[in-house]
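Note sheet for the following structure.
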Amino acid sequence: MTAATTGELFQPDYVIAPGQTLADLLRERGMTQTELARRLGVSLKHVNQIVNGSASISAEFALGLDRVLGPSASFWLAREANYQAAAARRAERPRLAKWAGWASRFPIAELCDREYLTEGLSGAELVADVLRFHGIAGADQWTDPSVAYRRSQKFTSDPYALSAWLRAGQIAADEIACEPYDHDRFLDALETVRGLTRLDPREWHSRLVETCAQAGVAVVVIDAFEGARANGATRWLSPTKALIQLSLRHRWEDIFWFTFFHEAGHVALHRKKGIFVEVEGATRDQDDAGELERLETEADRFAARTLIPAQHERRLQRLTLAEVPAFAEQLGVAPAIVVGRLQYMGLLPYSHGNKLRRRLVFK
């Protein structure tokens, strides 16, 4: 797992003002502020203001110091930038501290375990790390997913856990290089993926990601955080890059693949319909239930007919458990997909056929 904070520079809670460094260097050289001002062609007042920290070192002043005293202009500008950044961090501490309650509602322990956050932080430092993880400047820029992703849906999921899961998916997707989205190429990719269902996850996972990326769709598998209750999500990261995000809440391969093709249906059929988050146990407000139900039904139908085409459904209804492996072989899908459909249709008890269903585990 790549942490959102990987590559962050060490940020001490103290920093020496560049004016102090300048004063020390003048003492070492035995040079007065008056002499430095003369050599730089600036006023003594300006030099004194920089030494006492009431004025900043400009690029022009840094170039002058480079010629008169050394070290390089980039050294002085870096010292000034670091000092200003440290001062800004100190100044914003009271503002960040006010958001400590907000930050603590996220699944901090899990985020630390997955190396998205730094362990042992609290107060303003924790808030800053949570903001960095989300890629936002302040808590005011955070959007409750129960509002953003399905305005009419009544979530049973913890919005903070769900938000963390969605953000983790976006971070993973940003690392996947995708070709611009191509609808026909994506449909072809789904045919390829359909055949991958028969393979072991160690064989098909990388091929799934690569195949979909070539059609403009990033596929990521992120275990849901406790309380998120998320099965899958679909959203567009840009006009040419879609994201299908899956969890392993149930781990049965047939549920995983149906969820994938359901989300793929949203990509293929509902490109301009916004963001879809499939949360177990969610209900919808009555005034918008019709439209949402229609979109979800269309995605379900897309998944069902892609995995088991309609022309095979009549035979499916007469199928015995013993005939499942041969039928799945004929269709070119994993036997678990057939078992799962039979169980869902009530043609096979949920206690039967599970030896043909594999449990998925990803690192």
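Nothing in this text is a laboratory measurement; each read-out follows from the coordinates by a stated rule. What you are looking at is a predicted structure, and each value in this text was computed from that prediction instead of being measured. In this analysis, Cβ positions are derived from the backbone assuming ideal geometry, glycine residues included, and neighbour counts consider all displayed protein chains.
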Longest principal axis of the chain (C-alpha) makes with the long axis of helix 253-269 (C-alpha) an angle, in degrees to the nearest 10, of 70 degrees
Helix 59-68 sits off the longest principal axis of the Cα atoms of the chain, rounded to the nearest 10 on a 0 to 90 degree scale, by 50 degrees
Of 164-172, 201-209, 43-51, ordering from highest average Cβ density within 10 Å down gives 164-172, 43-51, 201-209
Two pseudo-spin positions, 7 Å from Cα along C-beta at residue 344 and at residue 119, lie apart in nanometres by 4.1 nm
Sorted by chain and then number, the residues having a modelled amide H within less than 5 Å of the amide H of residue 176, at least 5 places away or on another chain, are none
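Provide 337, 308 in ascending order of the number of other Cβ atoms located within 10 Å of each residue's Cβ, fewest first.
Numbers: 337 25, 308 20.
By the 10 Å Cβ count, ascending: 308, 337.
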Taking a label point 7 Å from the Cα of residue 16 along Cα-to-Cβ, the residues of the range 51-77 whose backbone nitrogen sits under 16 Å from it are 51-53, 70-72, 75-77
Relative to the chain, whose Cα atoms define the longest principal axis, helix 18-29 and its Cα axis are tilted in degrees, nearest 10, by 40 degrees
CD proxy, 222 nm, the chain: helix-only mean residue ellipticity via -39,500 (n - 2.57) per DSSP H run with n ≥ 4, per residue, nearest 500, stands at -16000 deg cm²/dmol
Scoring only Lys, Arg, Asp and Glu (+1, +1, -1, -1) among other residues with Cβ under 9 Å from the Cβ of residue 245 yields 0
Candidates for Kirkwood radius over Cα pairs in Å are [x] 21.0; [y] 22.8; [z] 24.5, and the calculated one carries label [z]
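Sort the following peptides by mean Cβ neighbour count (other Cβ atoms within 10 Å, averaged over residues), highest first: 239-245, 258-264. List each step's numbers first, then the result.
Working: 239-245: 20.6, 258-264: 24.1.
The packing order, highest mean first, is 258-264, 239-245.
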Full extension between residue 72 and residue 141 adds, at 0.36 nm per residue less the Cα distance, a length in nm of 20.9 nm
